[in-house]
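Peer 1: Here it is, the structure, as structure tokens.
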Amino acid sequence: MLSLVSLRSVCHSSVGVRFVGLVCSGIFFVAAANGSSAAENDAKKAPPAEVAGLAKTAAEMKPYLEQIKDSDAEFEMLPIPGGKFKMGSPTSEEKRGEDEGPQHEVEIAPFWMGKYEVTWDEYEVFMFQLDIARRKLDNREPTAAEKIADACSKPTKPYTDMTFGMGKDRFPVICMTQYSAMKYCEWISKKTGRYYRLPTEAEWEYACRAGSTTPYSFGEDASQIGDYAWYYDNSDGKYHEVGKKKPNQWGLYDMHGNVAEWTFDQYDPTFYAKSPAKNPVNSPKKSEPCPVRGGSWDDDPEALRSAVRMPSTTEWKQQDPQIPQSIWYYTDALFVGFRVVRPLEEPSAEVKAKVYAPGPPQ
């Protein structure tokens, strides 16, 4: 089993390696209240397919509960209104990185976003094909749609307990590559019949800020970070169950801290200077570097700011016994997870295929 010793140094050294260039292309893309609201309770009572399928406009978007068939796993999705915001940080922001600028205005189309980070409960249905196993126990034949989902690529067997003893039930999944997270999105899309993917960097920051313009979604005062985030000083050296801190203004939990979150893009420190003004995305062409956002349980408060960008690195798999073949695991990235989004306006089947087929990491 891997040791947590040296993880902090690995993580923080990666922050300093932010200057790797890359390509730009833009193929696609496109208020919730507190978790105990009546609206959420109503959403839980409603059939998820009916609620999700009804929304044809932004005004019709509602929170909904997605249940993963042939399992006990489920996840909640919250509507994120479309709008404009200033992406990146101003030059006056303390602890600002050079790749956080130039600050520029971006317009984002409406989408739903996971209320919480994806948990082991959800991911292991995909990872270990638990749905297929339950279906066999129930002696039930797969539907045509289930056969398509069953055929999706699945992670290879992990070489050790990938929770590293930090917890499983309702705890965030960790240690997957961006490719793994994308394949989960493909599988859950085919499993549910609704289109899910990773958020773009722009969507992630827009959702994290939730209308704020300050370093954190709750303001400028870093001394309040413990109310909203698990980070180095309060995490006790591990991640925590999702949803135990305060949400941001749009009802999203753990956008700051707990685990850093994959985005769809390729990391490019110069992308903001050439970013499209509407739904920008820097589509990935290779496995690294790709950005994670939000900081983690192992970071100091400045790394949890809304504008911070952290590129992935091969150091995140340096203890992987499957190197260089491993495409599924970042064995040293005990601080990296993800959450899913679902755009209101779905792209064409051709674009979806491109989103799900960036190819295995090289």
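The values are calculated or read from the model by the stated rules, or taken from the named source; none is laboratory data. Bear in mind the structure is a predicted one, so any value in this text is a computation, not a measurement. Note: ideal-geometry Cβ built from the backbone for every residue, glycine included; neighbour counts use all protein chains shown. Ligands, DNA and RNA are stripped out before the accessible areas are found, and what is left, the full protein with its side chains, is counted by its heavy atoms. Shrake-Rupley method; radii C 1.70, N 1.55, O 1.52, S 1.80 Å.
Peer 1: What shape does segment 142-244 have by the C-alpha gyration tensor, where a ≥ b ≥ c are the square roots of the eigenvalues, rounded means a/c under 1.5, and otherwise prolate means a/b greater than b/c and oblate the rest?
Peer 2: Oblate.
Peer 1: Would you mind getting me the FRET efficiency between Thr57 and Lys354? Use the beta-carbon distance for r and R0 = 41 Å, nearest 0.05.
Peer 2: 0.95
Peer 1: If you count only protein heavy atoms with a 1.4 Å probe, what accessible area per residue comes out for segment 242-355, rounded to a whole Å²?
Peer 2: 30 Å²
Peer 1: May I pose another question? Take the alpha carbon atoms of segment 184-213, find their center, do the same for segment 238-317, and report the distance between the two centers in whole angstrom.
Peer 2: Measuring centre to centre over Cα atoms gives 12 Å.
Peer 1: Of the options Pro215, Thr163, His256, report the single residue whose Cα projects farthest towards the positive end of the charge dipole of segment 150-272 (beta-carbon charges: Lys, Arg +1; Asp, Glu -1).
Peer 2: Thr163
Peer 1: Report the gain in length on full extension from Thr160 to Thr213: 0.36 nm times residue separation, minus Cα-Cα distance, nm rounded to one decimal.
Peer 2: This chain segment gains 14.9 nm when fully extended.
Peer 1: If R₀ is 41 angstrom, what is the calculated FRET efficiency for the pair Asn234 and Asn139, using the beta carbon separation as r and rounding to 0.05? Please list the in-between numbers first.
Peer 2: Numbers: r = 48 Å, r/R0 = 1.18.
The value I calculate is 0.25.
Peer 1: Moving on. How do the peptides 62-72, 215-225 rank, highest first, by the average count of neighbouring beta carbon atoms within 10 Å per residue?
Peer 2: Ranked from most to least packed, the peptides come out as 62-72, 215-225.
Peer 1: Residue separation times 0.36 nm, minus the C-alpha to C-alpha distance between Glu345 and Phe128: what's the value?
Peer 2: Length gained, Glu345 through Phe128: 75.0 nm.
Peer 1: Same structure, new question: When the Karplus curve 6.51 cos²θ - 1.76 cosθ + 1.60 is applied with θ = phi - 60°, which whole-Hz ³J(HN,Hα) does each residue of segment 68-83 get, with x for Gly and Pro?
Peer 2: Karplus values, whole Hz, x for Gly and Pro: 8, 4, 6, 7, 9, 7, 7, 8, 9, 10, 10, x, 10, x, x, x.
Peer 1: Given the whole protein assembly as supplied and a 1.4 Å probe, what does the accessible area of Val308 come to in Å², nearest 10?
Peer 2: 10 Å²
Peer 1: What net charge is computed for the residues neighbouring Thr263, neighbours being all others with C-beta under 11 Å from the C-beta of Thr263, Lys and Arg scored +1, Asp and Glu -1? Please list the in-between numbers first.
Peer 2: Details: positive: Arg197, Arg293, Arg309, Arg339; negative: Glu201, Glu203, Glu205, Glu261, Asp265.
Combined, the nearby Lys, Arg, Asp and Glu give -1.
Peer 1: Please compute the length gained on full extension between Thr314 and Glu241, using 0.36 nm multiplied by the number of residues separating them and subtracting their Cα-Cα distance.
Peer 2: 23.5 nm
Peer 1: Can you find, among Val106, Ile174, Gln129, the residue sitting farthest towards the positive end of the charge dipole of segment 56-180, where Lys and Arg contribute +1 and Asp and Glu -1 at Cβ?
Peer 2: Farthest towards the positive pole: Gln129.
Peer 1: Of Glu141, Glu74, which has the most accessible area and how do the rest follow, probe 1.4 Å?
Peer 2: On the way: Glu141 145, Glu74 90 Å².
Sorted descending by solvent-accessible area, the residues read Glu141, Glu74.
Peer 1: I'd like the FRET efficiency for Lys86 and Ala151, computed as 1/(1 + (r/R0)^6) with the beta carbon distance as r and R0 of 25 Å, rounded to 0.05.
Peer 2: That pair, Lys86 with Ala151, gives E of 0.05.
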